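The values are calculated or read from the model by the stated rules, or taken from the named source; none is laboratory data. Treat the numbers as computed from the prediction; the structure is a model and nothing was measured. Here the Cβ is made from the backbone with ideal geometry for all residues, glycine too, and neighbour counts use every protein chain on show.
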Amino acid sequence: MKEKWLMIGIIATFGAFFLMMVSMMILSRQSAKNKELLAQAPSTPQQTQTVPTATADFSPYKTIVGDDGREMVEIPEGPFKMGSTNGDYDEAPEHQVYLATFYIDKYEVTQAEYDRFVRATKRGKPFVPVFDDDISKILNPALAAMGMSWSDAVAYCQWAGKRLPTEAEWEKASKGEGSRKYPWGDTLTPKHANLEGEEDGYKYLAPPGKFEAGRSPYGLYDMAGNVAEWVHDTYDDKYYPKSPYRDPKGPEEGQNKVIRGGSWRESPHGARVAKRFQAKLWRTDATIGFRCAKGGS
C-alpha cells in the first residue's frame with residue numbers, strides 16, 4: 001500500500017514539473033513574439049522643440065526709388081546718440097545729434113550699377129592699385145562696387161539725383177536712436193557681416209544684401225562689412241566736442257575724408273557703428289565703396 005502511494009507521489013511530482021516546463025516554454029515563446037511585433041511596429045518620431053527666429057518688422061519705414069532705380073529707406077527726423085565713450089579717442093564724446101528726415105540707399109552700390117554710370121558719363125572706371133590675389137575674383141557685376149575715389153562717389157550720387165550721406169546720417173542709419181555696438185545689436189557672428197576671414201562664406205567681396213541677420217534698425221544691409229563707405233564729411237579727430245546739435249556736416253577744412261562701416265578685410269573692432277576711418281579723397285581701394293542719400297520730402 002505504501003509503495004502504491006509513493007508511486008503516485010512520484011508521478012504527481014513529475015507531472016507538476018512537466019507542466020511547469022511547458023508553461024515556461026509557452027511564456028518564452030510569447031515574449032519573443034511580442035518583441036518581434038514591437039520591432040516591426042512603426043516608431044514614433046522624436047518631437048524636437050524649435051526656437052522661432054525673430055524677424056524684425058521694417059514695414060513702418062517708408063521706401064522710395066531713386067533716379068538711378070535703387071531703393072532708398074526713409075530715416076525719420078529726430079535725435080540719436082552719436083559716437084562712443086568705449087571706443088577710440090576720436091569717437092568721443094558720445095553726444096546727442098538731431099537730424100532732419102533723409103533717405104539713404106538700402107544697399108551698397110553694385111559694380112553693375114556703377115558701370116552704368118561710367119557708360120553714361122564717360123567717366124573713368126574704378127581702379128584698384130593693390131590686390132594680393134587674382135583681380136578677377138573681385139570683379140563681378142553682382143558684387144559691391146569698389147575702387148572709386150571720394151570724388152567719383154560724389155559724382156555718381158549727383159548723377160543719380162542724390163548726394164553722399166553725412167557722417168551723422170550714416171551713423172544714425174546704421175545704429176538707430178539707441179546705443180548698440182553693431183547695426184543689429186551687441187553680438188557678432190559670421191551670419192551678421194562679411195568681415196575678415198572666410199567663416200561668413202566670403203573671402204573677399206559679397207553681393208550686397210546677403211546678410212539678413214545683419215540689417216540695421218531701419219532695414220539697411222551691409223552697414224558693417226563688405227565694403228567700407230565714403231561719406232560726405234572731412235575728417236577731424238577733434239570734431240565731436242564742437243559738433244553742432246542739428247544736422248552736422250563736418251569741418252570745413254581738412255586733409256582727409258571720412259570712411260565708415262569697415263570692410264571684408266576688417267576686424268570686429270573696425271565693424272562697430274561708431275568706428276571712424278579716414279583717407280585721402282583721391283584714394284582708391286578694393287575695400288572702399290559707397291551708398292547715396294538725399295534729403296527728405
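The combined condition, being over 25 Å from I64 (Cβ atoms), touching a residue at least 24 places away in the same chain (Cβ under 8 Å) and not aromatic (F, W, Y), is not fulfilled by S174. Looking across S216, S179, S174, one residue alone is at pLDDT below 95 and farther than 18 Å from G295 by Cβ. It is S179. For region 277-290, filtered to residues that are in a loop (DSSP other than H, G, I, E, B) and out of contact with any Gly (no Cβ under 9 Å at 6 or more places or on another chain), the residue that is surrounded by the most Cβ atoms within 10 Å (Cβ to Cβ) is F290.
Here the condition is being of a type in the set (V, I, T), touching a helix residue (DSSP H, G or I) at 6+ places or on another chain (Cβ under 9 Å) and not in a loop (DSSP other than H, G, I, E, B); of V231, V154, it holds for V231 alone. In region 100-112, is there at least one residue being at negative phi, modelled with pLDDT under 95 and either exposed (fewer than 10 other Cβ atoms within 10 Å of the Cβ) or outside any strand (DSSP E or B) (or both)? No, region 100-112 contains no residue that is at negative phi, modelled with pLDDT under 95 and either exposed (fewer than 10 other Cβ atoms within 10 Å of the Cβ) or outside any strand (DSSP E or B) (or both). If you scan region 65-87, which residues turn out to be in contact (Cβ under 8 Å) with a residue 40 or more places away in the chain, on the phi < 0 side of the Ramachandran plot and loosely packed, with under 14 Cβ neighbours inside 10 Å? Answer for region 65-87, where residues must be in contact (Cβ under 8 Å) with a residue 40 or more places away in the chain, on the phi < 0 side of the Ramachandran plot and loosely packed, with under 14 Cβ neighbours inside 10 Å: D67, E77, P79.
Please state which one of K238, K242, K257, K280 is touching a helix residue (DSSP H, G or I) at 6+ places or on another chain (Cβ under 6 Å) and among the basic types (K, R).
None of the other options fit; the residue is K257.
Please go through region 169-221 and pick out each residue that is part of a loop (DSSP other than H, G, I, E, B), under 27 Å from G78 (Cα atoms) and among the acidic types (D, E). Of everything in region 169-221, those that are part of a loop (DSSP other than H, G, I, E, B), under 27 Å from G78 (Cα atoms) and among the acidic types (D, E) turn out to be E177, D186. Mind checking whether some residue in region 217-233 is more than 23 Å from the chain's Cα centre (by Cα), over 30 Å from K191 (Cα atoms) and crowded, with 20+ Cβ neighbours inside 10 Å? Scanning region 217-233, I find at least one residue that is more than 23 Å from the chain's Cα centre (by Cα), over 30 Å from K191 (Cα atoms) and crowded, with 20+ Cβ neighbours inside 10 Å, so the answer is yes.
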